[in-house]
1. For the stretch A:5-31, give me each residue that is within 28 Å of B:E210 (Cβ to Cβ) and more than 7 Å from every other protein chain (Cβ to nearest Cβ).
2. Of the numbered conditions (1) out of contact with any Lys or Arg (no Cβ under 7 Å at 6 or more places or on another chain); (2) free of Cβ contacts under 8 Å to residues at least 40 places away in the same chain, B:T236 satisfies every one except a single condition; which is it?
3. Name every residue in the stretch B:238-260 that is of a type in the set (A, V, I, L, M, F, W, C) and either part of a helix (DSSP H, G or I) or touching a His at 6+ places or on another chain (Cβ under 8 Å) (or both), in order of residue number.
4. Can you find even one residue in the stretch B:126-146 that is modelled with pLDDT of 95 or more, over 21 Å from A:S255 (Cα atoms), within 10 Å of chain A (Cβ to nearest Cβ) and not in a loop (DSSP other than H, G, I, E, B)?
5. Residues B:N213, B:N235: which one is part of a helix (DSSP H, G or I) and at pLDDT below 85?
6. In the stretch B:31-56, how many are in a helix (DSSP H, G or I) and surrounded by fewer than 17 Cβ atoms within 10 Å (Cβ to Cβ)?
7. Of the conditions (1) touching a Gly at 6+ places or on another chain (Cβ under 9 Å); (2) surrounded by fewer than 21 Cβ atoms within 10 Å (Cβ to Cβ); (3) of a type outside the set (V, I, T), A:L119 clears all except one; give me its number.
Amino acid sequence: MAESGWARWIRRAVITALAVFTLVPLYVMVSSSVKPLRDVQGPFTAVPSTITLQPFVDMWRTVPLARYFVNSAVIALGAMVCSMVIAILAAYAVSRFRFRGRGTFLTSALATQMFPGILFLLPLFLIFVNLDRGFGLELFGSRVGMVITYLTFALPFSIWLLAGYFDAIPRELDEAALVDGTGPLGALFRVLLPAALPGVAAVAVYSFMTAWTEVLFASVLTTSETRTLAVGLRAYATQSNVYWNQVMAASLVVSVPVLLGFLLLQRALVQGLTAGAVKS
Amino acid sequence: MSTAADVGPRPARRRWSARALPYLILAPALVAELAVHIVPMLVGVFMSTLRLNQFSIRDWVNAPFVGLDNYVSVATLDSSVAAGLLRSFGVTVLFSVLAVLGEFLLGLAAAVALHRPFRGRAVLRTLFLVPFALPMFSSVITWMFMLQRDTGLVNTVLVDWLGLTDERPFWLVGQNSFVSLVVVAVWRTWPFAFLTITAGLQSIPTELYEAANVDGAGPWRRLFSITLPMLRPVNTVLLLVLFLWSFNDFNTPYLLFGQAAPAEAGLISLHIYQSSFVTWNFGLGSAMSVLMLLFLLVVTVGYLAVVNRRRDNG
């Protein structure tokens, strides 16, 4: 299939334009994070006058970034672990059993994903505050409350993706394990999970990402003690005197874990993310 | 008969446990979904029938029941509540249409341009993923820096390098804030359209293109006669998902402008958030959320009905 000259040029122009559009903010983030303060206080400069790593040192002192970091890490890891265990069990049920309500469960789980978050936020806020007042359950402003909230955010996607992976594993494999006397859970953990490892990893990254980057619920359900990066970083950028080089350094640092995880597991994640549209 | 009686109890027991097992292992997911999604949603509908404000919120279960009063005050067109909501609704619809259009067109252009293998294609594919993989707060805050009036890259390029205007425009307040909002949302979400369309393109048999080539069809003809029709089922879902994301978008305006977003860029989620947490009028906020959900349901169901009918006819 030969490509005519002008078609090739259009293609190159499209790719170049999109690459520039994508790269400019990334370049701004990276280059500004190594600029001295005077460079970011005047008009934007394309190249740093000198390269300094000072912003990466100073950023921890300007705002309690370390506290935000720990909060985000604890909450995201907690949500990731809980959501994975729950999703693995649910995906096993959905993939290997035919039971009443199966279709309803799958559809409604997906539907909740599409509802506006603000609809849950107001009642959840009141419920949390009241559980605290009535039963002494400290969910509002606590990391546990955030873990409980976030673990559900990644559940529908995780269940769908894992069920897809389980479906692709021949039933004979786990049936053989069942005949050998292993229980159904043994078959799940010894046979299915090892075979679906890329899917499990993708789900782990996805649920970590969801919790690490969520803003709406974190802005209401956390206090200054439990503030996460997603909310704390904005506070950084709205101080009266903004150290933009430090803000960019912090943005870069908090992006790296998520970005690396996503890019490493690109294939499995992309497959899962696009499956909804491509299959139906 | 006797053999059946001999082994009778065991299969029966096994059948019982086999029947209960899927529900047992599904229970944690079910409980979590109920606790964080379904129950709060029902509570939200209940809240929308209460007069919940800063006075009654402490004891909200006993707040006065007002029936549909909250909905009436949202629907009373000359009230300031209704005016604010209507304005924000208009902004949100316009934003969603423009953002979806931008995201879809960029995604389509990139997917088609990268369809044919060439050196460096894998690198570009990964690069195009980055905006979507980056935590939203990092990327939107970077845009916030770029859009600063005095120190941002955008004004430096437009005013100092290109000299398009003499006056440095504001990008985060006033009319321009809407433009900023659309651009940032498109930058962040177009890779998803790119991914989905790329996956869709891979399912189109290459024979179709070869046949078209034999017939002497040019690239435009191939795009409109093969690529787009074959992508139709994928695009149907993609456009809907992009629309729902844009319409529900809270993060982009909140991160870009903070709680006090300019009215020109105050998307509906942020509008409800502001009016709920600034005035503590949760009853009204819940009523607005319920209306927002109803609107989305009507749009989704209507859209799918139209699309499916066209597919059946076509």
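The values are calculated or read from the model by the stated rules, or taken from the named source; none is laboratory data. Computed from a prediction, not measured in an experiment: that's the story for all the values here. Cβ: placed from backbone, ideal geometry, glycine included. Neighbour counts: every protein chain shown.
1. A:G5, A:W6, A:R8, A:W9, A:I10, A:R12, A:A13
2. (2)
3. B:L238, B:L239, B:L240, B:V241, B:L242, B:F243, B:L244, B:W245, B:F247, B:L255, B:L256, B:F257
4. Within the stretch B:126-146, none of the residues are modelled with pLDDT of 95 or more, over 21 Å from A:S255 (Cα atoms), within 10 Å of chain A (Cβ to nearest Cβ) and not in a loop (DSSP other than H, G, I, E, B).
5. B:N213
6. 8
7. Answer for A:L119: the failing condition is (2).
Each row is one residue, and each column tells you yes or no for (1) assigned to a helix (DSSP H, G or I); (2) farther than 20 Å from B:V112 by Cβ; (3) small (G, A, S).
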| site | (1), (2), (3) |
| --- | --- |
| A:A7 | yes, no, yes |
| A:I10 | yes, no, no |
| A:A17 | yes, no, yes |
| A:L23 | yes, yes, no |
| A:D39 | yes, yes, no |
